[in-house]
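Okay, structure first, notes after.
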Amino acid sequence: MHKIAVLPGDGIGAEIVPQAVKVLDTISRKYGYKFSYTEGLIGGAAIDAVGKPLPEETLKLCQESEAILLGAVGGPKWDHLPVAMRPEAAALLPLRKALGLYANIRPAYLYPALAEASTLKREVVLGTDLVTIRELTGGLYFGEKKREKTATGEVAMDTLVYTTEEIERITRLAFEVARARRKKVTSVDKANVLESSRLWRETITRVHEEFPDVELEHMYVDNAAMQLVRRPTQFDVIVTENMFGDILTDQASMLTGSIGMLPSASIGGKVALYEPSHGSAPDIAGQNKANPLATILSAAMMLKYSFGYSEAAREIEQAVEKVLDLGYRTPDIMEEGKTLVDTVTMGDLVCRHLEDV
Ligand code: IPM
Ligand code: MG
């Protein structure tokens, strides 16, 4: 029995997470794998229910589970709160930190059927198959912050800190991931300006000596942003620090047609966390319109990384591919001539095709 903590969170989280659970249930029936689900509160939903964004029971539930499936946190209702109460800063970031999830794996794979769904030209995005390894518990998001009044206004400060050890462990992971793929790592930094990036570059170059079979290139983050939309097929594995990875993965999502297609796995600790790369999308929440595929594909990553069920994970990806090939689309990836479906129907379609593959 695999114990899974299920944290739907806010906005569309409550709609997409059940679709992924439905897919896991189908896998369970097909393969005889046993999963148990325990729901926990997080984010705005937790603030509303118990007055804090990351209740102790939720953290405990996560620590006692084998894997975590998370929807999304945050929304306009809680945006006015001080930072110590905000769902993003006071629930998601501390949860990642507390569980030691220093690596965030975000694959951007273009299902060929979606080549026209991207805002970029078909010939540019065709063949996109890259994975970003984002450092997740260091850098600007976790460094010391300060805000003070001055004679003329205020001064605000965020600190970007990295240690050799933090860079080494994420680098090793990136090289290992690349070894199982096309053996190319692009390390993204801003070493022409930032000291932390210079340490990043030196450390990665040194660790590379342990992986002579993998090609390493260094790229400045501004150039990487441009190259991603110019010729995305040049990338295999991108490794980068926390904020650059946050920004570049949202950008990379559009290579796949929609951010609603981008799954993620956060690993490095005893328990891993699986969540779509997108947010809570308050503008479409509660309307059964959200694309559940990023969450379903995150559940596939859970099967592979946490439970070692690679075959079942592949089947989910194949079922998603089949459903897209047949022309079913949620609004975010809709094109003329395709069949528009809602969140629940998309989940059902994936389950139905799972029974067939
Ligand atoms: C993400 C999100 C989060 C992050 C926010 C909600 C704190 O944007 O997972 O990419 O920046 O890590
Ligand atoms: Mg983000």
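The values are calculated or read from the model by the stated rules, or taken from the named source; none is laboratory data. Because the structure is predicted, anything quoted here is derived from the model rather than measured. Because the Cβ atoms are built from the backbone with ideal geometry, glycine has one as well, and the counts that use them run over all protein chains shown. These accessible areas exclude ligands, DNA and RNA; they are computed on the full protein's heavy atoms, side chains included. Shrake-Rupley method; radii C 1.70, N 1.55, O 1.52, S 1.80 Å.
Return the total of residues in the stretch 249-260 being open to solvent by less than 10 Å² (accessible area, probe 1.4 Å) and either in a helix (DSSP H, G or I) or within 13 Å of ligand 2 (Cβ to nearest atom) (or both).
6
Listed here are the residues, each with its yes/no results for (1) touching a Leu at 6+ places or on another chain (Cβ under 7 Å); (2) open to solvent by 60 Å² or more (accessible area, probe 1.4 Å).
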position: LYS146; (1), (2): no, yes
position: ALA151; (1), (2): no, yes
position: ILE167; (1), (2): yes, no
position: ARG172; (1), (2): no, yes
position: VAL177; (1), (2): no, no
position: GLU195; (1), (2): no, yes
position: THR203; (1), (2): no, no
position: GLU217; (1), (2): no, no
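Just the residues that are polar (S, T, N, Q) and either within 15 Å of LEU101 (Cα to Cα) or in contact with an Asp or Glu (Cβ under 9 Å, 6 or more places away or on another chain) (or both), please, taken from the stretch 235-269.
Selection gives THR240, ASN242, SER258, SER264, SER266.
Given the residues VAL221, VAL237, VAL214, VAL229, which is the only one that is within 16 Å of ligand 1 (Cβ to nearest atom) and outside the structural domain of PHE307 (by TED's automatic domain parsing)?
VAL221
Looking only at the stretch 242-261, filter to residues that are closer than 19 Å to ILE296 by Cβ and not hydrophobic (A, V, I, L, M, F, W, C); which one of those is nearest to ligand 1 (Cβ to nearest atom)?
THR249
State all residues of the stretch 1-31 that are in a strand (DSSP E or B) and open to solvent by less than 10 Å² (accessible area, probe 1.4 Å); if no residue qualifies, say none.
Of everything in the stretch 1-31, those that are in a strand (DSSP E or B) and open to solvent by less than 10 Å² (accessible area, probe 1.4 Å) turn out to be ILE4, ALA5, VAL6, LEU7.
Identify, from the list THR343, THR339, THR330, the residue that is over 22 Å from ASN104 (Cβ atoms), of a type in the set (S, T, N, Q) and open to solvent by 10 Å² or more (accessible area, probe 1.4 Å). Can you show your working first?
Values: THR343 fails: open to solvent by 10 Å² or more (accessible area, probe 1.4 Å); THR330 fails: open to solvent by 10 Å² or more (accessible area, probe 1.4 Å).
Testing whether each residue is over 22 Å from ASN104 (Cβ atoms), of a type in the set (S, T, N, Q) and open to solvent by 10 Å² or more (accessible area, probe 1.4 Å) leaves just THR339.
Which one of these is closer than 21 Å to TYR305 by Cα, touching a residue at least 24 places away in the same chain (Cβ under 8 Å) and of a type in the set (Phe, Trp, Tyr): PHE175, PHE142?
Result of the check over PHE175, PHE142: PHE175.
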